[in-house]
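The values are calculated or read from the model by the stated rules, or taken from the named source; none is laboratory data. Here the structure is a predicted model, which is why all the values come from computation and not from measurement. Reconstructed Cβ throughout: ideal geometry from the backbone, glycine too, with neighbour counts over all protein chains shown. Note: accessible area is taken over every heavy atom of the protein model, side chains too, but ligands, DNA and RNA are not part of it. Shrake-Rupley method; radii C 1.70, N 1.55, O 1.52, S 1.80 Å.
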Amino acid sequence: MATLKVARVGRVEKSDDPLQPFRLVEADGTEVAAVSEFLHHMLADDASPTSLRSYAYELLAWVRFLRAVNIPWHLASRVEARDFALWLKTTKKPPRRRRPDAPAPGSVNPVTGKATPGENYAARTRRHARAVIRSFYEYHRETHGRPLINPFPQGGAADEGIPNAHHNPMQPFRQPSRRGTYQPKEPKPTPRIIPDQAFNDLFAGLKYNRDRALIAFYISTGARASELLGVPQGLVSPGAQTIGVVRKGNQVLQHLPASADAFVWLRLYQQELRGMVPKHPSKPLWWTLRRPFRPLEYDAARMVFTRANQLLGANWTLHDLRHSAAKRMVRDPNLTLADVQWVMGHAHITTTEIYIAPTPDEVVAHVLAHHDRQRAEQAKPPAPPAPGYRPEVLAALFGTSAAGGESR
């Protein structure tokens, strides 16, 4: 794997066909039929276009690797799965154009304490690639019934049969593995919270009312970046103090409550662009500020946040605003965890529970306060003895501290 060269051939193409929004093509332009069939299955199973795009790129990496080792996709075995896992773990990501002042890959920002993406693929990326390839082979096995093996076994009790079905009383019970074969270990996710003072400094660095309105909605609604950018003008209700977003997962319209400050900044932004952008309930809410006016996209919104970061030397992201909004709501004793789950759009309440755990900064502050209390408690003079007790007798029996004097 150290000497294997995987050529960057083939590509993922986007089309205007609603039944085939993405397709995987080889270097000569031929379409990979097996991947297209699998993407059709995902689309029929109500997968979003962003999921189709993500799966197509993961399968593109798998197809490139199989071409490098000269193995057809339907003949791949556990050996290829093992080598692919090793290749993803050791290879470096394709080089990208970087600013001259960009931090080194993997370096830690001194302001936020967050590490920049490293040169190698992260464990989460490798886990996702394994899950995509496994589902691809499972679909073809269930659909065509061909003598096809899945290179990536499921792992756990489902892959090992019923554990301890024929248990020998003389032997200890066998524990099924919780992790699938060739599945990278991933540390427990911790939400990235922007402290209140850091958020105030970041908000003060914004120049335009549009950016202030956008960030105010992010921090008060907890919506994802793509969800808030896709809001049309007709889904804004200042009277009800809500804004309607289409959820990323289930594509359901949900009206999220927002802060009053967000609607104030929104009104100022709309007044500045009055008569310069189309006004209709179906038209986008967020526009660029320079002519020709275009709907604001994710990359442009990210650059706005990046410029504010540069003033502070920080590397916060738009998604950190979503984490911060969830943490703020969890801290409120008048909001239940179910309320926060509904606002955040989490399918499972266990996802919302990660915000209950204190952040490292909070733990450090709590422990330092504990040490201060201990020091203040030790500095207090000892309580005097009860009436009727002679101090010199107590000092002889229990030491000077019991008699109300100073210990030596």
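Okay, here's what the table says:
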| read-out | value |
| --- | --- |
| Criterion violated by Thr352 - all others in (1) within 20 Å of Ser220 (Cβ to Cβ); (2) of a type outside the set (A, V, I, L, M, F, W, C); (3) open to solvent by 30 Å² or more (accessible area, probe 1.4 Å); (4) within 15 Å of the chain's Cα centre (by Cα) satisfied | (3) |
| Lone unmet requirement of (1) over 27 Å from Pro358 (Cβ atoms); (2) open to solvent by less than 70 Å² (accessible area, probe 1.4 Å); (3) touching a Ser or Thr at 6+ places or on another chain (Cβ under 6 Å); (4) not β-branched (Val, Ile, Thr) for Ala300 | (3) |
| Tally of residues being assigned to a helix (DSSP H, G or I), open to solvent by 70 Å² or more (accessible area, probe 1.4 Å) and at pLDDT 95 or above across region 220-264 | 2 |
| Residue match in region 2-15 (condition: of a type in the set (Ser, Thr, Tyr), modelled with pLDDT under 95 and over 24 Å from Gly249 (Cβ atoms)) | yes |
| Which listed residue is within 23 Å of Lys185 (Cα to Cα) and under 24 Å from the mean Cα position of the chain (by Cα), from Thr50, Thr90, Thr112 | Thr90 |
| Some residue of region 313-336 being under 22 Å from Leu214 (Cα atoms) and surrounded by fewer than 12 Cβ atoms within 10 Å (Cβ to Cβ) | yes |
| Matching entry among Gly180, Gly155 (being at pLDDT below 65, within 34 Å of the chain's Cα centre (by Cα) and surrounded by 13 or more Cβ atoms within 10 Å (Cβ to Cβ)) | Gly155 |
| Qualifying positions in region 66-84 - open to solvent by 50 Å² or more (accessible area, probe 1.4 Å) and part of a helix (DSSP H, G or I) | Arg67, Trp73, His74, Leu75, Arg78, Val79, Arg82 |
| Complete set of residues in region 352-377 that are in a loop (DSSP other than H, G, I, E, B) and small (Gly, Ala, Ser) | Ala357 |
| Pairs where the first residue, in region 224-247, is without any contact (Cβ under 8 Å) to a residue 60 or more places away in the chain and the second is hydroxyl-bearing (Ser, Thr, Tyr) and surrounded by fewer than 16 Cβ atoms within 10 Å (Cβ to Cβ), C-beta under 9 Å, 6+ apart | Pro232/Ser282; Gln233/Ser282; Gly234/Ser282; Gln241/Ser259; Ile243/Ser237; Gly244/Ser237 |
| Options Leu206, Leu235, Leu228, Leu256: the member that is among the hydrophobic types (A, V, I, L, M, F, W, C) and over 22 Å from Asp339 (Cβ atoms) | Leu206 |
| Some residue of region 63-78 being in contact with a helix residue (DSSP H, G or I) (Cβ under 6 Å, 6 or more places away or on another chain) and more than 17 Å from Phe152 (Cα to Cα) | no |
| Filter pass, Leu289 being of a type in the set (A, V, I, L, M), modelled with pLDDT of 95 or more and touching a Lys or Arg at 6+ places or on another chain (Cβ under 9 Å) | no |
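A quick yes/no check of all residues on (1) surrounded by 14 or more Cβ atoms within 10 Å (Cβ to Cβ); (2) under 30 Å from the mean Cα position of the chain (by Cα); (3) of a type outside the set (Gly, Ala, Ser); (4) under 22 Å from Pro72 (Cα atoms):
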residue: Lys5; (1), (2), (3), (4): no, no, yes, yes
residue: Gly10; (1), (2), (3), (4): yes, yes, no, yes
residue: Ser15; (1), (2), (3), (4): no, yes, no, no
residue: Pro18; (1), (2), (3), (4): no, yes, yes, no
residue: Thr30; (1), (2), (3), (4): no, no, yes, yes
residue: Ala33; (1), (2), (3), (4): no, no, no, yes
residue: Glu37; (1), (2), (3), (4): yes, yes, yes, yes
